[in-house]
Amino acid sequence: VPFLKPWHPYAWIFAVCFLLYARTLFFDLVLLDDNLLTVDKRLFFGSWGRLIEVFKKSAFLEAAGGHYYRPLLLWTFNWDTNIGGQSLAVFHFSNIAFHGLSAALLFSLFKKIGTSRNSAFFLTMIFAIHPVLAMAVAWIPGRTDSFFAIFMLASFNRFLDFLSEGRWKALLLHLFFLALALLIKESAVFLPAACLAYACLMNKN
């Protein structure tokens, strides 16, 4: 299909994600943790020099819920605050961008495992527009899932590069993205087992 060559699928993926979720740019807070992670932390987020401090903080204020270690999530909120100030549209735009990037990485993964370009695009579009992921885009803290998917897919993609090309740089990048995924969600600990299972399956074939 001509419109799927060569980089066009990625442009379509981001365009579809933006058009589908553009109305979220005008959404307000729903006061379900989003206020605790954005408005209530504006005093903490207001400086570029505080980007390192997110690795020393709980995602929630101690009085609001105890320990919840999500440093990279806080880092993205800090970034959005420094760019947009009091504007929630910047937070929502970031959510859309993260969702689009995770979909683009999924498309890349489909191609690496041998899925045809047309089928990979079709499956990726299902992922991009599926309503089950609406909360991950429309609800500001929902970016945790999109951000997690980005690093998990990036890590697995680099692992596939290592298997096919044997380059140690790919393996190091795999480990780097795995480490970042662990700073988003603890469930990333299962990725090495998935990679090992995939490698064993490929060796049997």
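In order along the stretch 80-88, phi translates into HN-Hα couplings of 4, 5, 5, 7, x, x, 7, 6, 6 Hz, rounded to whole numbers, per the Karplus curve 6.51 cos²θ - 1.76 cosθ + 1.60 with θ = phi - 60° and x for Gly and Pro. Over 22 Å between Cα atoms: which of LYS112/LYS204; LYS5/LYS112; LYS169/LYS204 fall into that group? From LYS112/LYS204; LYS5/LYS112; LYS169/LYS204, over 22 Å: LYS169/LYS204. A crude spin-label estimate for the pair LEU123 and LEU171, with each label 7 Å from Cα along the Cβ direction, gives 2.7 nm. One Cα centroid belongs to the stretch 169-200, the other to the stretch 83-142; the line between them spans 20 Å. The Cα atoms of the stretch 155-202 give a gyration tensor whose axes a ≥ b ≥ c have a/c of 1.5 or more with a/b no greater than b/c, which makes the shape oblate.
Averaged over its residues, the stretch 96-205 has an accessible area of 50 Å² per residue, based on protein heavy atoms and a 1.4 Å probe.
Give me the percent of accessible area attributable to carbon and sulfur for the stretch 60-205, probe 1.4 angstrom. That share works out to 72 percent. Answer rounded, prolate or oblate for the stretch 101-178, using the Cα gyration tensor with square roots of eigenvalues a ≥ b ≥ c: rounded when a/c is under 1.5, else prolate when a/b is larger than b/c, else oblate. Judged from the Cα gyration tensor, the stretch 101-178 comes out oblate (a/c at least 1.5, b/c at or above a/b).
The values are calculated or read from the model by the stated rules, or taken from the named source; none is laboratory data. Because the structure is a prediction, the values reported are computed rather than measured. No Cβ is skipped: glycine too gets one built from the backbone with ideal geometry, and neighbour counts run over all protein chains shown. With ligands, DNA and RNA removed, areas are computed over all heavy atoms of the protein, side chains included. Shrake-Rupley method; radii C 1.70, N 1.55, O 1.52, S 1.80 Å.
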